[in-house]
Structure formats: C-alpha cells, structure tokens
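Encoded as structure tokens, the structure appears first; notes follow it.
The values are calculated or read from the model by the stated rules, or taken from the named source; none is laboratory data. Everything numeric here is computed off the predicted structure, so don't read it as measured data. Cβ atoms come from the backbone with ideal geometry, glycine included; neighbour counts cover every protein chain shown. Note: areas computed on protein heavy atoms with side chains; ligands, DNA, RNA excluded. Shrake-Rupley method; radii C 1.70, N 1.55, O 1.52, S 1.80 Å.
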Amino acid sequence: MLYLVGLGLADEKDITVKGLEIIKKAERVYLEAYTAILLVEKEQLEAFYGRPVILADREMVESSSDDILAGADKTDVAFLVVGDPFGATTHTDLVLRARELSIPTRSIPNASILTSIGTTGLQLYNFGQTVSMVFFLPSWRPASFYDRIRENVSIGLHTLVLLDIKVKEPSLENLARGRKIYEPPRFMTSAQCAAQMLEIEEVKKEGVYSRESLAVGVARVGAEDQNIVAGTLEQLCEADLGKPLHSLVLLGKRTHDLEREFLQEFAVDKEVFEKVWRRDYAGKE
C-alpha cells in the first residue's frame, strides 16, 4: 500500500502515533521536500523514526513517481507530507497515479496551516478562499491572487495567503541552458508578501485593500518560537517575524469582537490597531 502520512507543521514529534507506526513498518520512506518544509532537518526525523528517509524533490515527485510507487502493490511505501497529506494538489496526483497501477492508498491526516491559522484567534468560519503569493521577478508580477481576495473582501471574509518557498530550483538562466545548477533555498517573509500586495494595489487601483487594511503575519506556527504580529499592511511591511516559514492573513470586515480582543495582544501598535478596527471593521458586512 502507498501511505500518505501527514507530519504536522513543526518538528519530528508532531507525527501522529498512527503515522509513526506506518513509518516504522514501511519498506521505503519518502519525505516530500518542496511544497513545504518541517522546521527541523531530515537527520532529526531519521533519528526519531529509527529509519532512513529519502528526500523527494519536485523533479522526483512530478517526473519520477514510478520510482516512488515501485513495488507498492507488494510492500508498504510511506510518503511523508508536511502538514496534511492533501494540502497540495501534487499529492492528489500521486494518489491518482497509484490508482492507475492498482496500488491501494491510505492517507493519515495531521494539522495543517489551513486549520492551525486559528492560533491567531481568527475564527475559521470567517475565512474565504486561500491564495498563494509567489516571489515577484523584474518582468513577472502575477496578480491572480488579487481577484480572489476581492471575492473574499466582497463578503467580508478573511484571506489566508500562503507564501512562496524555493527549494532546489534552478535560476531562469540555468533552466534555459538546461543546467542542473540550483539556487540557494529562499523563503518569502510576511513583510515581502505585504509589500507585494501593496505594489499590486498601486497598479490595480481598485481599492480591494489599502495600506491601512488590517493583516496578521504568522511565523513557524506550532513551534516553540511561533510568532504572530497584527497591524496594517504598511506596518507589516516593516515587521520582522524571524525565521521561516511565514504566512499572512488579510482581515475581512465581517469580524467578531472576540477576534479583536484576541489579536490586540499581537498588535504592532495597539492604539492604531484599535482605531482602524473600530473605524473599518467592527462587525461590518
């Protein structure tokens, strides 16, 4: 059987008991290492699991999935995913390929950023569509996220923005020349995300959000050094949340006083936060 095992968000101890039992009995264990990363090194996982772990990069998962699935109809293969197994569409594709080969599959769920963002005090029922923010390039500044945020804003819902990570990826120049030379890992910060959002608003000028729109930056959710900062988008452009991984939430206007009370503790400036909240949010539809 092919097992897709969720690892949770922070370290080796976030694994479920059920997931750990599967890892210990599997013939081979792969760690998906490009849609997200754990906050510890592979060697720390191997020491805790008592098993060798094979890193599965984008190229292996998307182009050489047959290697992962080889023999999974006769033995158990574990495919480890940071967060929950189906937090990325790539893993749905892997299951579909397994089905084509008549390989049974089973998923072991775990915490993901989609649910753990509740640590901010924002109510999960008040979230709309999740969007992704990629690193802008000089000649490429995609803005498809803007329309999704507009839809969320129109009905007063919060937007969770997932931030780009670059792990074992070639530069455009090396890609064009067919050279397998990889760039150092890069992880977008909440400050970079806020700045890119404001850049697109300057271009669009549709007023979907502004420099005074309230947002929440989060870093290393679930870890001992988890960090949460609330403020305006302009304030978050200057906020240093520390080490990756980061995410950002743009607040919708259909809010609850409990959310305000919870978030005040994390405000860059409590007076500014309270002023903007009462003026622009305060339960408005």
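Could you calculate the FRET efficiency of Arg141 with Glu212 from 1/(1 + (r/R0)^6), where r is the beta carbon distance between them and R0 is 25 Å, rounded to 0.05? Can you show the working numbers first?
Numbers: r = 23 Å, r/R0 = 0.91.
The formula returns an efficiency of 0.65 here.
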As a test question: what accessible area, to the nearest 10 Å², does Arg97 have when a 1.4 Å probe is rolled over all protein chains in place? 60
Alpha carbon centroid spacing (whole Å) that separates the range 12-55 from the range 59-80: 15
Using the beta-carbon distance between Ser102 and Ser64 and R0 = 25 Å, what value does 1/(1 + (r/R0)^6) give for FRET efficiency, to the nearest 0.05? 0.80
Separation between the Glu41 and Arg278 pseudo-spin-labels, each 7 Å from Cα along Cα→Cβ, expressed in nm? 5.2
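Please tell me the relative contact order of the chain in percent, rounded to the nearest whole number, where contacts are Cα pairs under 8 Å and at least six residues apart.
Details: 544 pairs, mean separation 50.8, N = 285.
The normalised contact order for the chain reaches 18 percent.
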Give me the Kirkwood hydrodynamic radius of the chain in Å, from all C-alpha pairs, to one decimal place? 20.3
Quick one: which residues, 5 or more positions from Ala56 or on another chain, have an amide H under 5 Å from its amide H? H modelled 1.01 Å from N in the peptide plane, none for Pro or chain starts. Leu31, Glu32, Ala33
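May I ask you to compute the full-extension gain from Ser154 to Phe187, defined as 0.36 nm times their residue separation minus their alpha-carbon distance, rounded to one decimal in nm?
Numbers: separation 33, 0.36 × 33 = 11.88 nm, distance 3.01 nm.
That works out to 8.9 nm of additional length.
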Hey, what's the per residue convex hull volume over the C-alpha atoms of the range 53-123, in cubic angstrom? 107
Spin-label model distance (nm) - Thr115 vs Leu258, 7 Å beyond Cα toward Cβ: 1.8
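How big is the shadow of the Cα convex hull of the range 1-128, averaged over all directions, in nm²?
Values: hull surface 32.3 nm².
The directionally averaged projection comes out at 8.1 nm².
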Label model pair Glu238, Ala195: point-to-point distance (7 angstrom along the Cα→beta-carbon line) in nm is 1.4
Could you work out how far the C-alpha centroid of the range 96-161 sits from that of the range 210-285, in angstrom? 18
Antiparallel DSSP beta bridges within the chain, percent to nearest 5: 50
Collect residues whose amide H, placed 1.01 Å from N in the peptide plane, falls under 5 Å from the amide H of Thr130; neighbours closer than 5 in sequence don't count. none
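May I ask you to rank Arg99, Arg28, Arg58 by accessible area, largest first, using a 1.4 Å probe over the protein chains only?
Working: Arg99 155, Arg28 55, Arg58 100 Å².
Putting Arg99, Arg28, Arg58 in descending order of accessible area: Arg99, Arg58, Arg28.
Give the calculated FRET efficiency between Gln129 and Glu271 to the nearest 0.05, with a Förster radius of 25 Å applied to their Cβ-Cβ distance.
Values: r = 32 Å, r/R0 = 1.28.
Calculated value: 0.20.
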